[in-house]
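Beneath this line is the structure, given in structure tokens, with notes to follow.
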Amino acid sequence: MATTAKINVSGNDVLEALRGFFKDILKTDDIKAILVPQHLPMKDMVMPALVADPDQLDNADPLAPAFPINTAKIVSRLTRKPMGAKIAAVMRPCEIRAFVELAKLKQGRSDELLIITTDCLGAFQNRNYRRYVERYGIESTLRFYQSVLDGNIAEMEGADLASACKSCEIPVASNADICVGLFGVDVDDHLLVQSQTEAGTNFLNQLKLAEIPEPSSRRDAITALVAQRKAYRDEMFASTREATNSLQKMTAYFANCVNCYNCRVACPVCYCKECVFVTDVFNHDPCQYLRWANRKGLIKMPTDTIFFHLTRLVHMSTACVGCGQCSNACPNDIPVMELFRTVARVTQQAFNYQAGKSLEQDPPLSVFYEDEFPEVVGLGV
Amino acid sequence: MEGCMQDFEPTIIAFVCNWCTYTAADLAGTSRLHYPKNIRLIRIMCTGMVDPQYIIKAFLEGADGVLVSGCHPGDCHYINGNFKARRRIKLLKEILPQFGFEAERLKLTWIGASDGIQFAEIMQRLVAKVKDLGPSQAKLVMVV
């Protein structure tokens, strides 16, 4: 049975209330450390930090519109082998989904992990966040969550949410252990805490928070937000499809690509330990390039750009959680997320699969059945 | 336009499994059956080892069609390679059309070792189908 409780907010300071909650979690006997986005002392950048000392949580900031890395990769690193202790991790919904995909591939384990999430307010692209935090300093997160909760998500004084966030239809996770609710909650007074798993329920009961019912405004607020996101998303799908529906258009779409493979490095679900594109398979013989140039008249260098993106789509589109780190990592502003999400939508639907939804759903290419997809076989009529 | 279509000789890359379809092709040959010269056979041990990359590469290099052909369900020498291939082809048939490669250019068939006659017939039908589709866009566009 799920538990719904509240954390009191005093002085309108949501962040301070969250920090207090994290400290209480860290003070329990079960949890030895907590992974949480934290302002770094030397510069006002927010990075995930593994905090073992509750007194070091004063700079924790899970609501900052900063999303420098998909934490699923960090959590995978922390849980790939038994640690001998249990940790908590504060993750965005898309980070949890990516972690679920990695856990299915045995690249992470959840048995020593307590996943905590907050309603996701979204984030800026890296460069926009840097500008924002330079302008508003210590106040920046406060300004940000207030304007988002007031419903002002489109334009935030010049800074704009990343398009991955604007098109995200899952701003509230359903597969964390504990979820901190903000949408439709009177955050000046309290935050909502809900358990989403049995482990979460057991843990919350131990904290002995005051139980309250979920306010009826919460469902409505989430439904309205999701509808807004879906509208943006569907428009994005349509325009991206139109921009890439032929090889010529796709070639133009990726004309700025320099094969740096940052998108692949930043992608939380690009699961290969060694990418084939950095192996000798693609380190062609010098004379091979000349042969290609002779045959075609000219070849663009570096080669295999479209080949790379198509291969990546085959490898990870069924696992794509739409976090947008690919676009964040692109040095040449290619809208990578837009295309990958558009394709992923189709491939995931084809296999009746939703990336990151639950550990029980097998990745489409890890299973097969005797009687399936008869339309794929044969020459057709 | 029609005349131009008549002249069009497609290139079709066929990945055929050692145990069934390649053997069928061999049988077609030793039986002196005719099949079109547009088919370029690549023998592989099992359709389950056809990496989607091979198919993407073939299309980007200008193949007008790609065929993957192996054993009938239940006959796979490696028990279930053909079922794995079917999922991969399904995936590619979802992805490639989004970039203008018609799904009909990619085919998966099961042709058993003793199906020499069927092999020749299927190759003829396949070539006719790809001829109807016309040349692949990768032949007309610079691929980066």
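The values are calculated or read from the model by the stated rules, or taken from the named source; none is laboratory data. The structure presented is a predicted model; accordingly, all values stated were derived computationally and were not measured. Virtual Cβ from ideal backbone geometry, glycine too; neighbours counted across all protein chains shown.
Structural remarks
- Matching residues, the range A:287-313, being in contact (Cβ under 8 Å) with a residue 24 or more places away in the chain, among the charged types (D, E, K, R) and more than 9 Å from chain B (Cβ to nearest Cβ): A:R312
- Breaking point among (1) closer than 22 Å to A:V276 by Cβ; (2) in contact (Cβ under 8 Å) with a residue 40 or more places away in the chain; (3) within 14 Å of the chain's Cα centre (by Cα); (4) within 11 Å of another protein chain (Cβ to nearest Cβ), for B:A85: (2)
- Matching residues in the range A:202-215 - criterion: being in contact (Cβ under 8 Å) with a residue 24 or more places away in the chain and either assigned to a loop (DSSP other than H, G, I, E, B) or not aromatic (F, W, Y) (or both): A:L204, A:N205, A:Q206, A:L207, A:L209, A:A210, A:E211, A:I212, A:P213, A:E214, A:P215
- Among the numbered conditions (1) surrounded by 13 or more Cβ atoms within 10 Å (Cβ to Cβ); (2) free of Cβ contacts under 8 Å to residues at least 24 places away in the same chain, the only one that A:M337 does not meet is (2).
- Single residue of the range B:107-126 satisfying the filter (under 22 Å from B:E9 (Cβ atoms) and within 11 Å of chain A (Cβ to nearest Cβ)) that is nearest to the chain's Cα centre (by Cα): B:K107
- Residue, surrounded by the most Cβ atoms within 10 Å (Cβ to Cβ), within the range B:107-139, restricted to residues that are of a type in the set (D, E) and part of a helix (DSSP H, G or I): B:E121
- Total residues in the range A:342-373 satisfying the condition of being more than 9 Å from chain B (Cβ to nearest Cβ) and either assigned to a loop (DSSP other than H, G, I, E, B) or surrounded by 13 or more Cβ atoms within 10 Å (Cβ to Cβ) (or both): the figure is 15.
- Flag for A:I96 being outside any helix (DSSP H, G or I) and touching a strand residue (DSSP E or B) at 6+ places or on another chain (Cβ under 9 Å): no
- Answer residue from the range B:88-106, given it is free of Cβ contacts under 8 Å to residues at least 40 places away in the same chain and part of a loop (DSSP other than H, G, I, E, B) and is farthest from the other protein chains (Cβ to nearest Cβ) among those: B:E102
- Top-ranked residue in the range B:33-74 [being more than 12 Å from the chain's Cα centre (by Cα) and of a type in the set (A, V, I, L, M, F, W, C); ranked as farthest from A:K300 (Cα to Cα)]: B:L33
- Considering each residue of the range A:261-269 in turn, at least one proves to be under 26 Å from A:H315 (Cα atoms), among the polar types (S, T, N, Q), outside the structural domain of A:T71 (by TED's automatic domain parsing) and assigned to a helix (DSSP H, G or I).
- Verdict on A:K106 being modelled with pLDDT of 95 or more and in a helix (DSSP H, G or I): no
- Matching helices (runs of 4 or more DSSP H) fully within the range A:122-191 where at least 1 residues are under 24 Å from A:D234 (Cα atoms) and touching a Lys or Arg at 6+ places or on another chain (Cβ under 9 Å): A:163-166
- Candidate set from the range A:188-227 (those that are hydroxyl-bearing (S, T, Y) and touching an Asp or Glu at 6+ places or on another chain (Cβ under 8 Å)); member that is nearest to A:P62 (Cα to Cα): A:S195
- All of (1) crowded, with 18+ Cβ neighbours inside 10 Å; (2) free of Cβ contacts under 8 Å to residues at least 60 places away in the same chain; (3) of a type outside the set (S, T, Y); (4) out of contact with any Asp or Glu (no Cβ under 6 Å at 6 or more places or on another chain) hold for A:P37 with one exception: (4).
- Looking at B:I13, B:I55, B:I39, B:I44, just one residue is over 21 Å from B:Q118 (Cβ atoms) and crowded, with 19+ Cβ neighbours inside 10 Å, and that residue is B:I55.
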